[in-house]
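Working notes for the structure below.
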Amino acid sequence: MMELVCPAGTPAALRAAVEAGAHTVYCGFADETNARNFPGLNFSREEMAAGIDFAHDRGAKVLVAINTFPRAGAQDLWHRAVADAAAAGADAVILADIGLLAHAAERHPGLRLHLSVQAAAANPDAINLYAQAFGVRRVVLPRVLTVEEIAAINRETEVETEVFVFGGLCVMAEGRCSLSSYATGLSPNMNGVCSPASHVAYAETAKGQEARLGGFLIHRTARGAPVPYPTLCKGCFTSGDQTGHIFEDPVSLDATRLIPALRKAGVSALKIEGRQRSRAYVTQVVRAFRAAVEAAERGDPMPEGLLTRLTEGQAATTGAYAKTWR
Amino acid sequence: MPGRMTQPPMPALPLPLPLSPLAAVLSMLMRSTLRRHPAILGRMGAAAGARFLIDVTNVPVLLLIEPALRRARVLPRSARPAHDAAIRGRLSAFLSMLHGAEDGDALFFSGELTIGGDTAAVLALRNALDDAEIDLTEEIAGLAPAAGPMARRLSGLLERRTGLSLHRVTETEVRE
């Protein structure tokens, strides 16, 4: 059966994921070493150790995301995170930075290494180089590949592939996007947060609900209309006499119907986005996808449209997997 | 943290209870809940010092909570209290989110909850409460253990009559 890799932003969400049927849970420490460094989220060292014990007792694995890029002069924070994840019994760490991968491979040779989507490794040569140089065992593929391209990658590598099947959708090459940095001065890739909440402001106005990032108006939604996340890539902008979503419509990824094709393409694991979401989201999405991967294993048809309410913009897309870029 | 915000004036509605006793009970409930779930304040960090205006649109009062001070204040709708962050929505949305029946972001996407002011403080509060797995019925029962069985029976009755979420949902109760 394909492995279901599920998000947990808090210990309660980790327990919810395991109880809902996650094979594996991924989470991060409460600092800028992981790419979901939001207020009130993530794990202390004690919570991580307890969470790993909870998961292991129930046959589930825990991966620790340390997937931001260490800042010069501050590498110790990232090195400590790797050491503490290993000491807590993590089944793998998810890394993006080549310096950190080299450090982990050298100092923690028994620790399984996964390559984060933040590394944006999107072809077999790049993936095989990470395997040869650092012993990377699995790569999380960027959300810019078609199913055919994923199959082509799997034909040319022994590294396991993991792909996103649900949740927030980055349209940019992850790990290289600087849109949020331009508006806020904080980098998703180094500080661990895209559209940091400290720079987001909402206001009800006569024209509708307005969202600003770093003082820039990025969208205005009419009362009762679906509201997107306050990210620049989902912003609605006016240029000349045209107003629209320049980069991407505010929709979420839902690749449920592509699970059989992804399985056939050689994908090992399916990843659900959403460490910033609640335990209610985790329970509903994990339960639905556990049923879907079991159905795929039996050759049954895929269920569809069960999770629309949980999606950004209340709408879903299969993203680049079935590429129809405009 | 951004500067003080003021709430636009709302029409005054008849109040079912005198405000001071209600505020005293809510403050007691808040202190008891924070005692039973000490991780909430730690998880909130600096955001615990913020003043949160809870605007439940279908009840006749406003609620101002200050977690670090362990204080809750009940105000008439005509009040314009200074606050750092505001969350607005129907009672059903707040209770469903608190009890893990509904996802906070989904309620936000659908416009059932709106927020204003310090977004980071709102996120910290939401995430800390979600992790705490609070059960409001049990928190109320914990105030007076001798009356606990009666509180649970009353809560169950109210839940069936109103459809509101009044207890923490289990994994099997989360809706499809």
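Net charge in the neighbourhood of residue B:88 (other residues with Cβ under 11 Å of its Cβ; Lys, Arg +1, Asp, Glu -1) is -2. Only Cα sites of the stretch A:222-292 enter the Debye sum here, all with the same form factor; the resulting log10 I(q)/I(0) across q = 0.16, 0.17, 0.23 1/Å is -0.80, -0.86, -1.10, listed in q order.
Which net charge results when you count Lys and Arg as +1 and Asp and Glu as -1 among the other residues whose beta-carbon is under 13 Å from that of residue B:34?
Charge balance near residue B:34 sits at +4.
When DSSP beta bridges are restricted to pairs lying wholly in chain A, around 35% turn out antiparallel.
For residue A:152 and residue B:159, what does the FRET efficiency come to when R0 = 56 Å and r is the distance between their Cβ atoms, rounded to the nearest 0.05? The partial results should precede the final answer.
Working: r = 54 Å, r/R0 = 0.96.
Between residue A:152 and residue B:159 the formula returns 0.55.
For GluC sites (Glu not before Pro), the sites in the stretch A:231-326 that DSSP calls loop and that have at most 12 other Cβ atoms within 10 Å are A:304.
Based on a Kirkwood Rh over C-alpha pairs, give the Stokes-Einstein translational diffusion coefficient of the protein assembly as shown at 10 °C and viscosity 1.306 mPa s in µm²/s.
Translational diffusion coefficient: 67 µm²/s.
Span-like helix criteria (full DSSP H runs; alpha carbon extent of at least 30 Å along the helix axis; mean Kyte-Doolittle hydropathy of at least 0.0) are satisfied in chain B by no helix. Remark: C-alpha extents of the stretch A:1-119 on the principal axes read 40, 31, 24 Å, sorted largest to smallest. The sum of -39500 (n - 2.57) across all DSSP H runs of n ≥ 4, divided by the residue count of chain A, sets its helix-only mean residue ellipticity at 222 nm to -9000 deg cm²/dmol.
Among the residues of A:280-288, the average count of other protein chain beta-carbon atoms within 10 Å of the residue beta-carbon is 6.
At q = 0.09, 0.19, 0.20 Å⁻¹, what log₁₀ I(q)/I(0) does a Debye calculation on the Cα points of chain B give, no solvent, two decimals? With no solvent term, the Cα-only Debye profile gives -0.30, -1.56, -1.72. Taking Lys and Arg as +1 and Asp and Glu as -1, the other residues whose beta-carbon sits under 12 Å from that of residue B:152 total -3.
Among the trypsin sites (Lys or Arg not before Pro) within the stretch A:143-247, those in coil by DSSP and having at most 11 neighbouring Cβ atoms inside 10 Å are A:176, A:207, A:223.
Here the translational diffusion coefficient of the stretch A:188-245 follows from Stokes-Einstein with Rh set to the Kirkwood radius across Cα pairs; for 37 °C and 0.692 mPa s it amounts to 269 µm²/s.
Every number here is computed from the coordinates shown, using simple stated rules; none is lab data. Computed from a predicted model, the values in this text were never measured in an experiment. Neighbour counts are summed over all protein chains in view; Cβ atoms, including those assigned to glycine, are modelled from backbone coordinates with ideal geometry.
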